[in-house]
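What follows is calculated from the coordinates using simple rules that are stated; it is not laboratory data. Note that the structure is a prediction, hence the values are computed from the model and not measured. Heads up, the Cβs are rebuilt from the backbone with ideal geometry, glycines too, and the neighbour counts pull from every protein chain shown.
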Amino acid sequence: MIQTVLVGFGFSATTFHLPFLNELDLYEVTGVVSSRPEDVRRELPDVDVFGTLEDALSSEATLFVITTPSDLHKEMIRICLAAGKDVLVEKPAFLTTAEGEVLRTLEQNSPGIVNVFQNRRMDGDFLTVKSLLEERQVGEWKVFESRFDRFRPHVRDRWRENAGPGAGILFDLGSHLIDQALVLFGVPERVQADVMVQREGGQSDDGFMITLLYGEKRVYLRSNPFIAGEAPRFELHGTEGSFIKYGLDPQEAALRNGTITADVLETGTLTREESSAVAIETGRYLDFYRELAASYVSRRPLVPLTDALLTTRVIELARASSEEQKTMAF
């Protein structure tokens, strides 16, 4: 059993991590780092509550799950690796590729290993797209579009939307969409992007349109806060047909409602000579945590820092492309 400490006890920790850590007997949550111990003790009365990460490192826990704001990740990973601890860190793992290179060197010289929390690799619709590509159901792919739109036209007072390092939708949802694209298609040849602040009073980017160029093939990654109607989540187009899927993977909604099981049957549409419904695979966040546990035993990261370096590089190139209004070579 992996003795685990949650670093931070906000929405991410209580919604995306704690339910699975409690569900699987592979983990035991033995501590929480939080400035609000009363919140922790209401939900976890028997665990130790630490005021600082440094205090928690003296415990016997071997795994530290970092769920704090993004600008704190790099230093917290460094502290954990220096203490020989394993890490699971929320995306983005760091804010620049320079930070990532430093951490990768530290990891190579530490007994600890780092996994990046890219749970959306286990979204059911993403797994379905992956299978369709492997089976060449649309022939040779030519265009792929991945969107994560929402209707949030008003700025909220929270760190992700305020000014400051690590804020903005590109680091947030963009990290997921970019990671998924890299898993499917590998490193692009070039990156072209428009990164936007469109909401009144916006202090950080709230929308983006990124194009990844693979020769004549194109990947479009998009997010915008002014989409009130339903838009396709995924589109895949190729020489023999198209696949389109609407709606978000239901696992997050289930977690918000207090269950780890999303009892929702989803379908997409595959159009070749005629259209047919395609059953969407069941999402597997629970399996992601099982595979994470195995990675800490085998000492081979499931989502390593090298993957995070590629994602961060795309983010850097997207910002540069938007600012300079030109296509950037990878």
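Of note:
- In order along the range 27-41, phi translates into HN-Hα couplings of 10, 9, 6, 10, x, 9, 9, 7, 8, 10, x, 5, 5, 5, 5 Hz, rounded to whole numbers, per the Karplus curve 6.51 cos²θ - 1.76 cosθ + 1.60 with θ = phi - 60° and x for Gly and Pro.
- Remark: the range 245-315 projects, on average over all directions, an area of 7.6 nm² (convex hull of Cα atoms).
- Fewest-first sequence of 260, 79 by Cβ atoms within 10 Å of each Cβ: 260, 79
- Note on residue 58 and residue 154: the model spin-label points, each 7 Å out from Cα along the C-beta direction, lie 4.7 nm apart.
- In order along the range 272-287, the phi-based Karplus estimate (6.51 cos²θ - 1.76 cosθ + 1.60, θ = phi - 60°) of 3J(HN,Hα) comes to 10, 5, 8, 8, 8, 6, 10, 5, 7, 4, 6, x, 9, 4, 4, 5 Hz; Gly and Pro are listed as x.
- Listed residue (191, 219, 180) projecting farthest to the positive dipole end of the chain, Cβ model: 191
- Within the range 212-246, backbone nitrogen closer than 19 Å to the virtual label 7 Å beyond the Cα of residue 269 toward Cβ: 229-246
- Local charge for residue 169 was computed over the other residues whose Cβ lies under 14 Å away, with Lys and Arg +1 and Asp and Glu -1, and equals +4.
- Inter-label distance for residue 82 and residue 323, nm, one decimal - labels placed 7 Å from Cα along Cα-to-Cβ: 2.9
- For residue 27, residues with placed amide H under 5 Å, excluding near neighbours: 2
- Note: relative contact order over the range 72-123, using C-alpha pairs below 8 Å and six or more positions apart, is 45 percent.
- Rounded to 10°, Cα long-axis angle of helix 169-185 versus longest principal axis of the chain: 70
- Cα convex hull of the range 99-238, projected area averaged across orientations, nm²: 10.4
- The range 7-64 has equivalent-ellipsoid semi-axes of 16, 14, 10 Å, by the square roots of 5 times the alpha carbon gyration tensor eigenvalues, sorted largest first.
- Think of the range 19-100 as having a plus end and a minus end, set by charges on the Cβ of Lys, Arg, Asp and Glu; of 35, 19, 94, 94 sits farthest toward the positive end of this dipole.
- Test item: Cα-centred dipole of the range 12-146, Lys/Arg +1 and Asp/Glu -1 on Cβ, debye: 380
- Taken over the alpha carbons of the chain as equal point scatterers, the Debye sum produces base-10 log I(q)/I(0) values at 0.07, 0.08, 0.16 Å⁻¹ of -0.29, -0.38, -1.50.
- Label-point separation in nm, residue 140 to residue 220, each point 7 Å along Cα→Cβ: 2.2
- Computed [θ] at 222 nm, helices only, for the chain once each DSSP H run of length n ≥ 4 contributes -39500 (n - 2.57): -9500 deg cm²/dmol
- Gap separating the Cα centres of the range 190-214 and the range 135-184, nearest whole Å: 10
- Relative pair counts by distance (%), Cα atoms of the range 57-152, 10 Å bins: 14, 34, 23, 22, 7, 0
- The chain, dipole about Cα centre (Lys/Arg Cβ +1, Asp/Glu Cβ -1), debye to the nearest 20: 480
- Loop sites here are trypsin sites (Lys or Arg not before Pro) outside DSSP states H, G, I, E and B with no more than 12 other Cβ atoms within 10 Å. The longest part of the chain free of them is 159-298.
- Using θ = phi - 60° in the Karplus curve 6.51 cos²θ - 1.76 cosθ + 1.60, the 3J(HN,Hα) couplings for the range 251-267 round to 5, 5, 4, 4, 5, 4, 8, x, 10, 8, 10, 9, 8, 10, 8, 10, 9 Hz; x is entered for Gly and Pro.
- Once the C-beta distance of residue 185 and residue 276 is scaled by a Förster radius of 30 Å, the resulting FRET efficiency is 0.75 to the nearest 0.05.
- With Cα atoms, 0 to 90° folded angle of helix 97-108 axis to the chain main axis: 50
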